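The values are calculated or read from the model by the stated rules, or taken from the named source; none is laboratory data. Predicted model, so just to flag it, every value in this text is computed and none were measured. As a convention, Cβ positions derive from the backbone with ideal geometry for all residues, glycine included, and neighbour counts pool all protein chains shown.
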């Protein structure tokens, strides 16, 4: 039986570029890809078996497993992903297994805690649990205006807001539920309007791209129309990105680094299922090929 790479997604359209590229690079090596949806998983806990569409997943038929986003409101697929990792028990390499088991949902708040514990520089940030705490914090005296507000579970720039005045911030706070406040990070605004995305595979940085905000948009995400170009990664930023992935327990991840006007680097976040269409376009680096090589190294 030919062994295949198992890729799990939430839907056929999710990460279509990344999955398609993985299929193409695997095909060059004569390797097939078993594309499956999380809902096609099932488990026999008495036998300790993982099944996809009724077929058992084992080292006999699977080279490795690569996960795309598993998030749902209930968290059922997050639990399924981690149960798969536990039941396979190292028999089949599961990319990012350590990070997934340590942090089932690695939001921005938990990431900041991990970064600070490991002396990784982050943008000055505050977290509150009530609207009153926000309004009485006086953070505008420390940060100045504008102030950035991010949701813990935001992605691709979604859930990021910029408040230019206290009036703007107050008006927005009045519209949201108080229970949502504890999921927000309040941060100092860095005026550079660009950041760096470093992709790290097998704990080694393979390259970087610069993402620049375009027009009136302050966010630099490629998915929001940000301009991308190849970036020559300094040795310090290379080491910083590799340290982030190491402390997060990841084999594959995208590390976002932003600089202030003096050139100091701050880690914004690590994305353990990062997309790479803009990265491949701007750098010419075949990320999907590197992912296949990573999976083959762990057979």
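Residues are listed down the side, and each one gets a yes or a no for (1) assigned to a loop (DSSP other than H, G, I, E, B); (2) under 24 Å from residue 14 (Cα atoms); (3) in contact (Cβ under 8 Å) with a residue 40 or more places away in the chain:
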site	(1), (2), (3)
35	no, yes, no
47	yes, no, no
70	yes, yes, yes
80	no, yes, yes
119	yes, no, no
128	yes, no, yes
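Working carefully through the options 97, 112, find the one that is closer than 18 Å to residue 69 by Cα and under 16 Å from the mean Cα position of the chain (by Cα). Please lay out each step first, then the result.
Numbers: 112 fails: closer than 18 Å to residue 69 by Cα.
Going through 97, 112 in turn, the sole match is 97.
Yes/no matrix, rows are residues, columns are (1) assigned to a loop (DSSP other than H, G, I, E, B); (2) loosely packed, with under 13 Cβ neighbours inside 10 Å; (3) at pLDDT 95 or above; (4) in contact with a helix residue (DSSP H, G or I) (Cβ under 9 Å, 6 or more places away or on another chain):
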{"site": "171", "(1), (2), (3), (4)": "no, yes, yes, no"}
{"site": "216", "(1), (2), (3), (4)": "yes, yes, no, no"}
{"site": "241", "(1), (2), (3), (4)": "no, no, yes, no"}
{"site": "249", "(1), (2), (3), (4)": "yes, no, yes, yes"}
{"site": "254", "(1), (2), (3), (4)": "no, no, yes, yes"}
{"site": "268", "(1), (2), (3), (4)": "no, no, yes, yes"}
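Quick check on the range 82-117: of everything there that is at pLDDT 95 or above and not in a helix (DSSP H, G or I), which residue is surrounded by the fewest Cβ atoms within 10 Å (Cβ to Cβ)?
The selected residue is 91.
Hey, can you tell me all the residues within the range 1-22 that are buried (at least 18 other Cβ atoms within 10 Å of the Cβ) and under 25 Å from residue 278 (Cβ atoms)?
Taking the range 1-22 and keeping what is buried (at least 18 other Cβ atoms within 10 Å of the Cβ), we get 5-9, 15, 18-19, 21-22.
Correct list: 5, 7, 8, 9, 15, 18, 19, 21, 22.
Applying the selection to the range 84-98, what residues are farther than 15 Å from residue 291 by Cα and touching a strand residue (DSSP E or B) at 6+ places or on another chain (Cβ under 8 Å)?
Step one: filter the range 84-98 for residues farther than 15 Å from residue 291 by Cα, giving 84-92, 98.
Across the range 84-98, the qualifying residues are 84, 85, 87, 88, 92.
Let me spell it out: the conditions are (1) surrounded by fewer than 17 Cβ atoms within 10 Å (Cβ to Cβ); (2) at pLDDT 95 or above; (3) assigned to a loop (DSSP other than H, G, I, E, B), and residue 299 meets all of them except one. Which number is the exception?
(2)
Hey, among the residues in the range 49-68 that are touching a residue at least 60 places away in the same chain (Cβ under 8 Å) and assigned to a loop (DSSP other than H, G, I, E, B), which one's nearest to residue 104 (Cα to Cα)? Spell out how you get there, then give the answer.
Going through the range 49-68, the residues touching a residue at least 60 places away in the same chain (Cβ under 8 Å) turn out to be 61, 63-68.
Next cut, assigned to a loop (DSSP other than H, G, I, E, B) only: 61, 68.
Values: 61: 26, 68: 13 Å.
Filtering the range 49-68 for residues that are touching a residue at least 60 places away in the same chain (Cβ under 8 Å) and assigned to a loop (DSSP other than H, G, I, E, B), the one nearest to residue 104 (Cα to Cα) comes out as 68.
Return the total of residues in the range 128-158 being in contact with a strand residue (DSSP E or B) (Cβ under 8 Å, 6 or more places away or on another chain) and buried (at least 16 other Cβ atoms within 10 Å of the Cβ).
Matching residues across the range 128-158 total 13.
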